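The values are calculated or read from the model by the stated rules, or taken from the named source; none is laboratory data. Values in this document were obtained by computation on a predicted structure and should not be read as measured data. Because the Cβ atoms are built from the backbone with ideal geometry, glycine has one as well, and the counts that use them run over all protein chains shown. Accessible surface areas use protein heavy atoms only, side chains included; no ligands, DNA or RNA. Shrake-Rupley method; radii C 1.70, N 1.55, O 1.52, S 1.80 Å.
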Amino acid sequence: MSTIEKVQEDVLVEEQLENNHEIVLYNDDVNTFDHVINCLIRVCKHTSEQAEQCAIIVHYTGKCAVKTGSLEELKPQCTRLLQLGLSAVIE
């Protein structure tokens with residue numbers, strides 16, 4: 001006879017609770033593609049390709065998550081996007 005040994009492992013799951021927020025940018029009929037792209041590059045530190053892709057997604061779907069991070073990191077960035085005339089919220 002053989003003995004079957006069962007091993008139970010405790011697995012720790014670490015959640016990144018501080019990074020579960022995102023800035024969502026909404027479409028509007030006021031801002032140009034160039035303005036949105038320039039804002040995303042300056043404020044959110046996007047590459048030009050990344051900013052252009054986000055602008056296209058916003059245009060065709062109405063919204064796009066443009067930045068993920070902690071609430072403390074995102075608040076000033078969202079405020080700056082709003083000051084620049086974009087429609088954005090933190091979710």
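A straight chain from Thr79 to Asp29 at 0.36 nm per residue would run longer than the Cα-Cα distance by 16.0 nm. The modelled label-to-label distance between Glu72 and Val89, using points 7 Å beyond Cα along the C-beta direction, is 2.5 nm.
Annotation: the stretch 35-91 has a Kirkwood hydrodynamic radius of 11.3 angstrom, from the mean reciprocal C-alpha pair distance. A DSSP coil position with no more than 16 other Cβ atoms inside 10 Å describes the following trypsin sites (Lys or Arg not before Pro) in the stretch 28-83: Lys45.
Net charge in the neighbourhood of Ile41 (other residues with Cβ under 14 Å of its Cβ; Lys, Arg +1, Asp, Glu -1) is +1.
Rounded to the nearest 10 square angstrom, His59 shows an accessible area of 80 square angstrom against a 1.4 Å probe.
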